[in-house]
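Just so it is clear, none of the values below were taken in a lab; they were calculated from the coordinates. Just so it is clear, the model here is predicted, and its values are computed rather than measured. Backbone-built Cβ (ideal geometry, glycine too); neighbour counts: all protein chains shown.
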């Protein structure tokens, strides 16, 4: 876990260095107040994972950011959680004769407040601030809907990031941070068909890392 954290920090520093130089060349000085962003890669895996790398859902999400003061902004993220194609393939690989697949649905909500620390006005430049998120999903056995597992995850983090906004309004937001997360799982009496994934309740350290891109206006 420590090695992964070190790699994330190093990668974040490299990305910040590159985007800082890029921002100096592309910044137009326009007074952007809003950004609308997403990350299409989340259609492969959403916020709920098992065994660190197995996505229990995918996610279709959008983030909307609004400047509240010259050096501050608030960002709200909403996402719909559906069935991850990766976990379906994993179950098929485990038992080629098993026709059981997963039908998942849920939601993911996020709230950020950003304090910008560089010379640019929000929402561009280096920032820090609190980040809260909550995700919930219900995964059903498609062969028997009475078999289900519900999963939830609460994240509380302090994040730092860098947002580039180009002359044309293209926005790229890269971030990482540190905090805590609480994962809980519940199932009915027959909902043990995902036992191989070791779905147990955990309260652990959180190291968020990600990016979104979109349009500023």
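By counting other Cβ atoms within 10 Å of each Cβ, how are 145, 108 ranked from fewest to most?
Working: 145 9, 108 23.
By the 10 Å Cβ count, ascending: 145, 108.
For residue 118 and residue 70, the difference between the fully extended length at 0.36 nm per residue and the C-alpha to C-alpha distance is 16.2 nm.
Under the simplified labelling scheme, the residue 138-residue 195 pair shows an inter-label distance of 2.4 nm, with each label point 7 Å from Cα along Cα→Cβ. Ranked by how many other Cβ atoms sit within 10 Å of their own Cβ, fewest first, the residues 166, 35 fall in the order 166, 35.
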